[in-house]
Amino acid sequence: MGVIYLIRHGQASFGAADYDRLSELGQRQSELLGRALAARIPAPRVARSGTLTRHRQTAETCLRAMAEQSACPTDPGFDEFDFGEVIERARPEYRDRERLHADIAARPDPAAAFQELFGAAVTRWVSGRHDSEYRETWPAFRNRCATAVERLAATLEPGVSALVFTSGGPITAIVQGLLNIPDRHAFVLSWSLTNCGVTKLINGRGGLAVSTLNEHGPFESAGAELLTYR
């Protein structure tokens, strides 16, 4: 029986010109996670990563802390959905990214303001009522992520563990399918996923099953500043 660990990336650079890079805190989270996983997950193990910069940086930092020498191939099946497009379809004025950044920055709590905007945009995307407007619909995204994890599971030898460095969206889509969570409730799960949180899947005879969700114990014990959600 193999195990797949879905790992959400460390904190990215919210509010910066290039979001798709780990913040300094994100680097610290990734290193701390690597030290924790080194003591927890025995060899043999393999690693996979989405293609985004924040995925690859999390993988590199975490695996280095684990003293893991094996390669970490990328798989676009584990990439996040295009949140820029999802926002723009709900709020066309935000095709102008500078306007989006300015409007969010002007709010008393920019993080909360963005969460409100993003949540409404994702709800619209998942509803299925506007599928013709999106390059990748919610069902297509969900199928892409499920296919990626099933493809990985099919390659694992018995007793081999796999680490997958990805984002909250793919983790949500994979878990939603395995637990049969209704579409309208899927992203309630996503909002609670921590940076560098770990979701454990068992790869048994009956297929994949969720064992644990969003484990983040190392960050709770290391200090409140290390426990982040965006």
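The values are calculated or read from the model by the stated rules, or taken from the named source; none is laboratory data. Computed from a predicted structure; not experimentally measured. FYI the Cβ positions are ideal-geometry reconstructions off the backbone, even for glycines, and counts take in every protein chain you see. Ligands, DNA and RNA are stripped out before the accessible areas are found, and what is left, the full protein with its side chains, is counted by its heavy atoms. Shrake-Rupley method; radii C 1.70, N 1.55, O 1.52, S 1.80 Å.
Taking Cα centroids, how far is segment 1-58 from segment 148-198 in Å?
Cα centres, segment 1-58 to segment 148-198: 14 Å.
I'd like the trypsin sites (Lys or Arg not before Pro) in segment 52-149 restricted to DSSP loop residues with at most 13 other Cβ atoms within 10 Å, sorted by number.
129, 135
How would you classify segment 187-227 from its alpha-carbon gyration tensor, with a ≥ b ≥ c the square roots of the eigenvalues: rounded for a/c under 1.5, else prolate if a/b is greater than b/c, otherwise oblate?
The shape class here is oblate.
Between residue 120 and residue 51, 0.36 nm times their residue separation minus their Cα-Cα distance comes to what?
22.2 nm
Taking the Cα-to-Cβ direction at residue 225 and at residue 178 and moving 7 Å from each Cα, how far apart do the two end points lie in nm?
That separation, rounded to one decimal, is 3.4 nm.
Using a Gaussian network model of the chain whose springs link C-alpha atoms within less than 10 Å, name the residue from 53, 123, 155 with the highest mean-square fluctuation.
Of the options given, 155 has the highest mean-square fluctuation.
Rank 154, 121, 36 by mean-square fluctuation in a GNM of the chain with C-alpha springs under 10 angstrom and give only the top-ranked residue.
154
Can you give me the angle between helix 168-179 and the longest principal axis of the chain, using Cα atoms only, in degrees from 0 to 90, rounded to the nearest 10?
With rounding to tens, the tilt is 70 degrees.
Keeping all protein chains in place, calculate the accessible area per residue for the chain (probe 1.4 angstrom), answer in Å².
48
Could you work out the helix-only [θ] at 222 nm for the chain, with each DSSP H run of four or more residues adding -39,500 (n - 2.57) and the total divided by the number of residues, to the nearest 500 deg cm²/dmol?
-14500 deg cm²/dmol
Length gain on complete extension for the stretch residue 135 to residue 70, per 0.36 nm per residue less the alpha carbon to alpha carbon distance? Could the numbers behind the result be given before it?
Values: separation 65, 0.36 × 65 = 23.40 nm, distance 3.48 nm.
Here the segment from residue 135 to residue 70 would lengthen by 19.9 nm.
Can you give me the % of accessible surface on segment 1-154 that is carbon or sulfur? Probe 1.4 Å, all protein chains present, nothing else counted. Kindly include the intermediate steps, with their values, before the conclusion.
Numbers: 3880 of 7670 Å².
Of the solvent-accessible surface of segment 1-154, carbon and sulfur hold 51 percent.
Give the Kirkwood hydrodynamic radius (Å, one decimal) of the chain, defined as one over the mean of 1/r across all pairs of different Cα atoms.
Result for the chain, one decimal place: 18.1 Å.
What is the angle, in °, between the Cα long axis of helix 138-155 and the longest principal axis of the Cα atoms in the chain? Nearest 10 is fine, range 0 to 90.
Its long axis makes an angle of about 10 degrees.
Report the FRET efficiency, 1/(1 + (r/R0)^6), for residue 112 and residue 1, where r is their Cβ-Cβ distance and R0 is 30 Å, rounded to 0.05.
0.10
Sort segment 57-177 into rounded, prolate or oblate with this rule: let a ≥ b ≥ c be the square roots of the eigenvalues of the Cα gyration tensor; rounded if a/c is under 1.5, and if a/c is not under 1.5, prolate when a/b is larger than b/c, oblate otherwise.
oblate
Label segment 1-85 by shape, choosing from rounded, prolate and oblate, from the square roots a ≥ b ≥ c of the eigenvalues of the Cα gyration tensor; if a/c is under 1.5 it is rounded, and otherwise prolate applies when a/b is larger than b/c, oblate when it is not.
Oblate, because a/c is 1.5 or more while a/b does not exceed b/c.
Taking all protein chains together and a probe of 1.4 Å, list 179, 37, 208 from the most accessible to the least accessible.
Ranked from most to least accessible, the order is 179, 208, 37.
Of the residues 113, 148, 12, which exhibits the maximal mean-square fluctuation in a Gaussian network model of the chain defined by a 10 Å Cα contact cut-off?
With Cα springs under 10 Å in the chain, the top fluctuation among 113, 148, 12 is at 113.
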